[in-house]
1. Measure out, as a whole number of angstrom, how far apart the alpha-carbon centroids of segment 91-116 and segment 125-187 sit.
2. Counting alpha carbon pairs within less than 8 Å and at least 6 residues apart, what relative contact order, in whole percent, applies to segment 3-195?
3. Taking the Cβ of each residue in ASP42, ASP22 as the centre, tally the other Cβ atoms inside 10 Å and list the residues starting with the fewest.
4. Cα-based Rg (one decimal) and Dmax (whole number) for segment 13-79, in Å?
5. Are there any helices in the chain, counted as whole DSSP H runs, that stretch 20 Å or more along their axis by Cα and score at least -1.0 on average by Kyte-Doolittle, and if so which?
6. As a check on your grasp of the helix formula, calculate [θ] at 222 nm for the chain: sum -39500 (n - 2.57) over DSSP H runs of n ≥ 4, divide by the residue count, round to the nearest 500.
7. Put +1 on the Cβ of every Lys and Arg and -1 on every Asp and Glu Cβ in the chain; which of MET46, ILE160, TRP16 then has its Cα farthest towards the positive end of the dipole?
Amino acid sequence: MSAPQAALTDLERRAWRYDAQDGIVELLAGVLFLIVAIAVGDPRMMWMLALSVFPMRVAHKALKERYAYPRVGYVKLRSEEGAEFGRGMLTYVLVLLAIFVAGMWLLGDITSFAQWRRWFPALAGGYTAGGFIYVAQKAGLARHWILAAVAVAWGVTCAIWLAAPGNLGMQRWAVGFGVLCLVVGTLTFFNFVRTHPVRDAGRAE
């Protein structure tokens, strides 16, 4: 890697770390997973999940503008909407699904819908871990690696040790991981607010 590329990579990592230090993403992820738990428990409430995406984006922007930017400034992250990012995400989704299907074939009846529902928490944990791994690679913060590992471990636990009928296993996974994200996000957020006082606009940097 050339010196300019290395410097750019380091600068990008610092920008991601700068943006992720407030815990707002984990806090909102916790809320989202609890909405998932409600929707899984009662399919009639699925509309809550479908309508939560836009409010989450609005809440993220509002919290950033209210609490983060006045303390550490605004960071513009590079867009990841290119073809390479899309191929990478699609590859991860398909590979994980292939591993899941192979595991279902080896461990049980692949045609059984009940078996699929039993193991779905493990698949959800794997997909969720992918998101946290991506952020961990970008920002280099240990808590994202830990959340990725817990997402998978808790998914496998709900499928094997806490095997439950119907959608209860998936609901337990969403509640458990949602509460964890809420706790981690809340503690990180309040620590961020405590250690980063609001900047004085008239003070020279």
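1. Their Cα centres are 19 Å away from one another.
2. Values: 203 pairs, mean separation 73.8, N = 193.
In percent, rounded to a whole number, it is 38.
3. Values: ASP42 12, ASP22 23.
Fewest-to-most ranking of ASP42, ASP22: ASP42, ASP22.
4. 14.5, 43
5. Values: long enough: 3-20 (25 Å, -0.86); 24-41 (26 Å, 2.74); 83-107 (36 Å, 1.70); 113-139 (39 Å, 0.13); 142-160 (27 Å, 1.48); 168-195 (40 Å, 1.18).
Within the chain the helices that satisfy the rule are 3-20, 24-41, 83-107, 113-139, 142-160, 168-195.
6. Numbers: 9 runs with 155 residues, N = 205.
Mean residue ellipticity, 222 nm, calculated: -25500 deg cm²/dmol.
7. TRP16
No value in this document is a laboratory result; all are computed from the given coordinates. Only a predicted model underlies this, so the values are computations on that prediction, with no experimental measurement involved. Cβ: placed from backbone, ideal geometry, glycine included. Neighbour counts: every protein chain shown.
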